[in-house]
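Colleague: Supplied in structure tokens, the structure appears directly below.
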Number of protein chains: 2
Amino acid sequence: MGFTPDKRLQNDSILASTQHNIQIRLANDSRYFWLILVPAITHEGTDKAIHEIHDLPASVAANLWTLASHFSKALQAETKADKINIAAIGNVVSQLHLHIVARHHTDPLWPAPIWGQGTAIPLSPQERDKRLASVQSWLKTFSGKI
Amino acid sequence: MGFTPDKRLQNDSILASTQHNIQIRLANDSRYFWLILVPAITHEGTDKAIHEIHDLPASVAANLWTLASHFSKALQAETKADKINIAAIGNVVSQLHLHIVARHHTDPLWPAPIWGQGTAIPLSPQERDKRLASVQSWLKTFSGKI
């Protein structure tokens with residue numbers, strides 16, 4: 001019995017790392033520098049996916065928020081974002097996943113939320129590798145703080 | 001020097017309580033049972049509003065997430081929501097505020113996010129008082145856990 005990421009999350013994002021039982025995924029969308037954190041656990045003793053923040057064990061929830069805060073800060077510094085959007089929605093893919101998205105006044109959907117809007121523009125291999133390298137370098141700076 | 005809620009937050013929601021320096025506000029919208037948590041602090045030593053989760057002091061951030069998780073669970077139990085949506089967006093009102101919204105498959109915007117969509121339908125005084133009473137009763141069950 002174990003965790004499997006939803007197929008749509010697997011199709012739309014790239015696994016960058018797993019830290020403290022949380023998958024750090026890079027959305028495959030060059031429109032936004034967009035990370036998706038997915039707790040890699042199920043309801044205890046079952047294969048049943050967790051859907052809600054309040055169903056996480058407290059320690060996993062605490063790590064999720066700490067990671068989210070670190071990535072939020074790092075994303076804003078790297079992209080000079082005007083606003084970071086953080087959200088657990090899950091109306092389409094109910095498996096719990098937390099979006100962290102760098103937004104700019106000049107981006108195509110500003111100020112609307114991005115979910116369910118427009119069409120992803122896949123990352124080029126170069127963009128993908130650059131973003132994945134950024135995530136790895138940020139993780140080094142977080143280590144010991146989580 | 002001190003915290004003042006953004007005027008649009010004041011206009012669109014009702015202060016239900018303040019706990020651990022976090023305002024708990026009820027969105028004045030009968031379409032959704034929708035709470036808004038607003039850390040009632042500014043950047044230290046200034047009147048400057050906090051915009052990002054990662055700019056909160058760690059203790060306030062921890063309380064914010066703990067409250068959000070408790071309210072998420074309580075909202076889902078009360079409304080039999082199909083999904084709870086939790087989000088810090090702030091592209092329009094940049095002062096940091098965290099939405100917690102009970103969503104149903106049958107609601108008018110499902111599965112789209114609600115922000116920036118449609119028009120709020122103000123609560124009747126009876127609905128408002130009933131929701132505020134629910135929030136108060138939930139807070140009693142949380143006390144000692146935060």
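The values are calculated or read from the model by the stated rules, or taken from the named source; none is laboratory data. None of the values given here were measured: they were computed from a predicted structure. Neighbour counts run over all protein chains shown; Cβ positions are idealised from the backbone, glycine included. What goes into the accessible areas is simple: the full protein's heavy atoms, side chains included, and nothing from ligands, DNA or RNA. Shrake-Rupley method; radii C 1.70, N 1.55, O 1.52, S 1.80 Å.
Colleague: Of everything in region B:130-145, what is away from chain A (no Cβ under 12 Å), under 19 Å from A:E52 (Cβ atoms) and open to solvent by 70 Å² or more (accessible area, probe 1.4 Å)? Give them in sequence order.
Modeller: B:T141
Colleague: Every residue in region A:1-35 that is in contact with a helix residue (DSSP H, G or I) (Cβ under 8 Å, 6 or more places away or on another chain) and open to solvent by 30 Å² or more (accessible area, probe 1.4 Å), please. Let's see the steps before the verdict.
Modeller: Keep residues of region A:1-35 that are in contact with a helix residue (DSSP H, G or I) (Cβ under 8 Å, 6 or more places away or on another chain), which gives A:14, A:16-17, A:19-22, A:24-30, A:33, A:35.
Those that are in contact with a helix residue (DSSP H, G or I) (Cβ under 8 Å, 6 or more places away or on another chain) and open to solvent by 30 Å² or more (accessible area, probe 1.4 Å): A:I14, A:Q19, A:H20, A:N21, A:N28, A:S30.
Colleague: Okay, next question. Considering only region A:84-105, state which residues are in contact with a His (Cβ under 8 Å, 6 or more places away or on another chain) and assigned to a loop (DSSP other than H, G, I, E, B). Talk me through it step by step, then tell me what you get.
Modeller: As a first pass, look at region A:84-105 and keep what is in contact with a His (Cβ under 8 Å, 6 or more places away or on another chain): A:84-90, A:94-96.
Of everything in region A:84-105, those that are in contact with a His (Cβ under 8 Å, 6 or more places away or on another chain) and assigned to a loop (DSSP other than H, G, I, E, B) turn out to be A:I89, A:G90, A:S94, A:Q95, A:L96.
Colleague: Looking at region A:78-107 only, could you name the residues that are without any contact (Cβ under 8 Å) to a residue 12 or more places away in the chain and within 20 Å of B:H99 (Cβ to Cβ)?
Modeller: A:N91
Colleague: For region B:45-83: of the residues being more than 10 Å from every other protein chain (Cβ to nearest Cβ), open to solvent by 10 Å² or more (accessible area, probe 1.4 Å) and in a helix (DSSP H, G or I), which is nearest to B:S143 (Cα to Cα)?
Modeller: B:N63
Colleague: Restricting to region A:1-44, name every residue that is of a type in the set (S, T, N, Q), farther than 22 Å from A:A58 by Cβ and in a loop (DSSP other than H, G, I, E, B).
Modeller: Going residue by residue through region A:1-44, those that are of a type in the set (S, T, N, Q) are A:4, A:10-11, A:13, A:17-19, A:21, A:23, A:28, A:30, A:42.
Next cut, farther than 22 Å from A:A58 by Cβ only: A:4, A:10-11, A:13, A:17, A:28, A:30.
Answer for region A:1-44, where residues must be of a type in the set (S, T, N, Q), farther than 22 Å from A:A58 by Cβ and in a loop (DSSP other than H, G, I, E, B): A:T4, A:N28, A:S30.
Colleague: Scanning for something within 8 Å of chain A (Cβ to nearest Cβ) and either surrounded by fewer than 17 Cβ atoms within 10 Å (Cβ to Cβ) or under 30 Å from A:N63 (Cα atoms) (or both), does region B:115-129 turn up at least one residue? Lay out the reasoning, then the answer.
Modeller: Within region B:115-129, the first condition is being within 8 Å of chain A (Cβ to nearest Cβ), and the residues that meet it are B:115-116.
Within this subset, residues satisfying the condition of being either surrounded by fewer than 17 Cβ atoms within 10 Å (Cβ to Cβ) or under 30 Å from A:N63 (Cα atoms) (or both) are B:115-116.
So far as region B:115-129 goes, yes, one or more of its residues are within 8 Å of chain A (Cβ to nearest Cβ) and either surrounded by fewer than 17 Cβ atoms within 10 Å (Cβ to Cβ) or under 30 Å from A:N63 (Cα atoms) (or both).
Colleague: Those residues that are open to solvent by less than 20 Å² (accessible area, probe 1.4 Å), over 30 Å from B:H43 (Cα atoms) and not small (G, A, S), I need them from region B:92-106; list them, please.
Modeller: B:R103
Colleague: Taking region B:20-50, which residues are modelled with pLDDT of 95 or more and either out of contact with any strand residue (DSSP E or B) (no Cβ under 7 Å at 6 or more places or on another chain) or among the aromatic types (F, W, Y) (or both)?
Modeller: Across region B:20-50, the qualifying residues are B:D29, B:S30, B:R31, B:Y32, B:F33, B:W34, B:I41, B:H43.
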